[in-house]
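Notes to accompany the following structure.
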């Protein structure tokens, strides 16, 4: 985010500079055409040259004023953008008590959900094992989305991940494949397989900082 805003500020300054340069080029072109017209019309060369210098002097003052106006506007824009960037950065580094409370509340809720998953996987009922895998997979999807992995499905999000960035990527795939098998097959997995999947989910979620 920081680098994105920094690029926007540089882009704004470049746009303002291009406007000033464009105005200057158009003005000098007009002056050249005016001098050519006067000289080709048979006027005295010296007089035409003096007239051009006078007009050029006036134009320089005008361009200087335009440069100050555009430069001042760009400076004000940069100052406001830097203040906005500083404010956003401070919010990221020092969140308000309300934001901290909400973050803690969300984390507590996710931990409660994980405890429920643990209860399901430790049950003697095979349907609970399936439920544990399905719920853990939902947590995985939310964790990947929170980390910015794009995609409509968990599979698409996992394809965006790189093993160097997510060391437990292979374990995530193994657990997610079991979830898909459960979703499309009425036969429940054996307890050991379900337990291994939950351990895989745990490793991935912990690496993502979600639990």
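Of all residues in the stretch 170-179 being touching a residue at least 12 places away in the same chain (Cβ under 8 Å) and over 25 Å from residue 112 (Cβ atoms), which is surrounded by the most Cβ atoms within 10 Å (Cβ to Cβ)?
Restricting to residues being touching a residue at least 12 places away in the same chain (Cβ under 8 Å) and over 25 Å from residue 112 (Cβ atoms), the top hit is 173.
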crowded, with 18+ Cβ neighbours inside 10 Å and under 18 Å from residue 157 (Cα atoms): does that describe residue 197? no
So residue 192 ticks every box in (1) within 22 Å of the chain's Cα centre (by Cα); (2) loosely packed, with under 12 Cβ neighbours inside 10 Å but one. Which box is left unticked? (1)
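Matching residues to (1) crowded, with 19+ Cβ neighbours inside 10 Å; (2) in a helix (DSSP H, G or I); (3) over 25 Å from the mean Cα position of the chain (by Cα):
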{"residue": "119", "(1), (2), (3)": "no, yes, yes"}
{"residue": "123", "(1), (2), (3)": "no, no, yes"}
{"residue": "129", "(1), (2), (3)": "yes, yes, yes"}
{"residue": "136", "(1), (2), (3)": "yes, yes, yes"}
{"residue": "145", "(1), (2), (3)": "no, yes, no"}
{"residue": "151", "(1), (2), (3)": "no, no, no"}
{"residue": "159", "(1), (2), (3)": "no, yes, no"}
{"residue": "162", "(1), (2), (3)": "no, no, no"}
{"residue": "166", "(1), (2), (3)": "yes, no, no"}
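Values in this text are rule-based calculations from the coordinates and carry no lab data. Small disclaimer: the values here were computed from a predicted structure and weren't measured. Cβ sites come from the backbone with ideal geometry, for glycine too, and all protein chains shown count toward neighbours.
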